[in-house]
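The values are calculated or read from the model by the stated rules, or taken from the named source; none is laboratory data. Only a predicted model underlies this, so the values are computations on that prediction, with no experimental measurement involved. We place every Cβ from the backbone using ideal geometry, glycine too, and count neighbours over all the protein chains shown. The accessibility values were calculated without ligands, DNA or RNA, using every heavy atom of the protein model including side chains. Shrake-Rupley method; radii C 1.70, N 1.55, O 1.52, S 1.80 Å.
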Amino acid sequence: MKKFFYSFTFAFLMAILFTGVSFAQDTTPPTDDEVNAIASQLYCPVCESTPLDVCPTEACKDWREQIRVMLSEGKSEEEILKYFEAQYGARVLAEPPKKGFYWLIYLLPPAIILLGAVILLRSMKQWTTKPVAESTGTGEVGGDSSPAKDDYVARLEEELKKQK
Amino acid sequence: MFVEFGYGVLLVSFLVAIYSIFAAIYGATNKSASMVESARRAMLLTFPLLSLSAAALVYLLVNNHFEVSFVYEVTSRSMPTYLKVTAWWGGQAGSLLFWSWLLSAFASAVTIRKWDRDIEFLPWVIVICSTTLVFFVGMVAFYENPFTRFWLVGGNVEPHLFAPLNATLFTADDGNGLNPLLRHPGMVIHPPMLYLGFVSYVIPYAFAMAALITGRTDDRWIRLTRRWSLWAWLFLSFGLVLGGRWAYDVLGWGGYWGWDPVEIAAFMPWLTGTAFLHSVMIQEKRGLLKHWNMILVILTYALVIFGTFLTRSGVLSSVHAFANSPIGPLFMGFVSISLIVSIALVIWRWPDLRGETEMKSMLSREALFLLNNLLFMSVLVVCFWGVIFPLISELFTGQKVTVGPPFYERATAPLFAALMFLMGVAPLSAWGHSTLQTLGRSMWKSAVAAVVVTGILFVTYTKNIIALVGFFLIALVIFVTLQEFWRAARARQRAQKENFLTSLSRLMGRNRRRYGGYIIHISMMLMAIGILGIELFQTSTQGSLAKDEQLNISGYTLQYKELASWDDRGEGVNYTRAVVDVYKDGEYIGELNPRIDYYFDSQQNMTIPGNRSTLNDDLYVLLVDWQPVSNAGATFKVYVNPLVNWLWIGSLAFMVGIIFAAWPDRDPAEEPARSGVARSSKQTSAAD
């Protein structure tokens, strides 16, 4: 924890040191909303699963300041995200970058779902094409001529007929 | 004294539970009724024993026994008594004891029932419940012990259960205090609800295993546990909703769900549980899918254990945390062994579990239910993979990654949309057989109405295509479901010559599960309105305001008036509270008071939003920062969350629906519809 904190502070101070010149340029300072728009896409390594724009810790405050400084230097959103990724690793991004090993996270679920769908479809086909003679026919509760009819209503009407 | 007593009875209950396992197995295999009875009594004995142990822990918590490390970690002198009691489940060790206590209560409740012709299940239900209990009690007794005390050993303070050589007891002046986030009323009841849900699912699982072992693989086990699985689902759902509301109220990020691994851990058993609720109906009505129901209940059990482990321990945060914690490998071992054994049992009984009928049509209700199951499983796959991927990545590449909301949202949104569509179609399909024609005939009116609603929304509210698709599906489901109520009640009204409301209420009373289910469907759609609103239309802005300065967002104007900061020594909290005037379209509509509470004991901040909630939108204001001396004033973060109130309204309706469906009446599994109808017609004639 502490180590992270110090490295953030250090990075922040360095950022201020090296950007002194651009501060002098007379541009409108970036608004909080501009900073948050980028911060919301970042996660600091300490505060698990809390995006940077809403994280209340000091470390995250410093990161937000760093984004502000980089914005006032005229850096683009993409450059800033790239910088944080290069500095602290892929984990600062909201999801893994689409490259190499990380493709697994994007490709595996659809593959499994597709497999599940194929298995389901095949077994359903198998069930439906079985000869009807084999059927023991236990299930059919309603037995009504209109299949979409509520089986409870059907049963109820049947009961009522018997009552009369 | 209380420490030794609490730990002592804990150990005794551990031994008693072990005894009940062996006695039950012996009794079942040697057909010895007296041994089974002995096992049953042992099982029953664990409940009073664990209650005593828990009472000892609560006594220590309430009476500031800070020599006990668990008490030191989760309470402090300034906490009110009710919070000291609930601190019981505020930490890992206590919550595992809480889990065990609940399980022994439920297992006792289930073994007390009259068994009659189901007596052959009894020993195996005991075996499964006791094995689970032994695991959890063992975990509490030997790894996560809430009765560990601090000892002064050669100048160092060390936690030990019993006094080491030449040690004196060390008592801290005051405790750490419960994490302030956990002091919210929502958080006081959220974990017990979740745990009630988790633990209730052990019972259907125990019956399923008993059915496999004894070979009575008909749907008896499902009928016996139907109410258990409904109540389990109720508690789990309630727990999830409370968790969402709590996040919205105290976490201070303007949302209710962040796809955090801990949240997903509770969501996963809910997914399999929901799939199970639907697919058991296929087995009951059509005698199909016996294998699949077994697999679902096994998965739910495994995910419950996995979830318990994930929510409290935090050991899945990294490979190192996992490897270094003693309970990580144990939990994983237990989950794996129970999975392997259960699946082996299913394979062993595979031929007996073959379906009694065939699927006749791809559009029949059973086929659509299967599709529903596929979709729930798909959401599960996404969630599970997302939760464990950071670990896998760390293991193989050495790099940790974050899997955040964008991943889950993109992956699950189409799946949820498909589920909604099914919700609109499936109630209209018939068991056994449906065709596109029959479906179309019963659906077209609702579909047209939904198109009209979507058209109106297109003109008046939004041009966002995703939102419009969402609203169309919501409208479709609501219309179809209402039409179902209408159609059935009208049919009954005609037949019975009652007035419409009487027909409707009697109809619903006679078929609680179905109509409770429909209420749940409609509630889900109300919730979906809220979710669409906040996900697609949320706006936010942040700004530092000097006194009387203004900030504009989506038609609202906020004016910063003043800020006060004061200590409440009694409660141990420093409050900083801002006063913000709110105007809508230039008109004054009230003031909001966003706050920051600082807790001295745990040295933590809590950001409490000022929230103005209407059916149309929520104005949610957070105090982010303030400068007491300079005239820069204070920084606010403001969210406008459209429609989010529908999420909470839907949640309440949802609870009503489940309670309606699960409310106990005379053993409905045994009661044929016949007697119900006969009785009601008698009542009608009496009323006439």
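Observations
- The set of residues in segment B:440-472 that are within 14 Å of another protein chain (Cβ to nearest Cβ) and crowded, with 17+ Cβ neighbours inside 10 Å comprises B:Ser442, B:Met443, B:Ser446.
- Some residue of segment B:428-435 being touching an Asp or Glu at 6+ places or on another chain (Cβ under 6 Å) and at the interface with another protein chain (Cβ under 9 Å from one of its Cβ atoms): yes
- When residues in segment B:327-345 are screened for being at pLDDT 90 or above and either at positive phi or open to solvent by less than 10 Å² (accessible area, probe 1.4 Å) (or both), 1 of them pass.
- Selection within segment B:100-124 - buried (at least 24 other Cβ atoms within 10 Å of the Cβ) and modelled with pLDDT of 95 or more: B:Ser100, B:Trp101, B:Leu103, B:Ser104
- So B:Ala208, is it in contact with a helix residue (DSSP H, G or I) (Cβ under 6 Å, 6 or more places away or on another chain), part of a helix (DSSP H, G or I) and not β-branched (Val, Ile, Thr): yes
- Residue in segment B:473-484 that is farthest from B:Ala417 (Cα to Cα), counting only those that are under 29 Å from the mean Cα position of the chain (by Cα) and open to solvent by 20 Å² or more (accessible area, probe 1.4 Å): B:Leu482
- Note on segment B:353-372: among residues that are more than 7 Å from every other protein chain (Cβ to nearest Cβ) and basic (Lys, Arg), the one that is surrounded by the most Cβ atoms within 10 Å (Cβ to Cβ) is B:Arg365.
- Annotation note: of B:Met377, B:Met294, the sole residue that is away from chain A (no Cβ under 11 Å) and at pLDDT 90 or above is B:Met294.
- Members of segment A:68-104 that are facing another protein chain (nearest Cβ under 7 Å), touching a Lys or Arg at 6+ places or on another chain (Cβ under 9 Å) and in a helix (DSSP H, G or I): A:Ala90, A:Arg91
- Any hit, segment B:213-228, residues being modelled with pLDDT of 90 or more and aromatic (Phe, Trp, Tyr): no
- Answer from B:Gly517, B:Gly572, B:Gly533 - the residue that is open to solvent by less than 50 Å² (accessible area, probe 1.4 Å), modelled with pLDDT of 90 or more and more than 14 Å from every other protein chain (Cβ to nearest Cβ): B:Gly533
- With respect to (1) outside the structural domain of B:Phe471 (by TED's automatic domain parsing); (2) open to solvent by 30 Å² or more (accessible area, probe 1.4 Å); (3) within 25 Å of the chain's Cα centre (by Cα), the lone exception for B:Met423 is condition (1).
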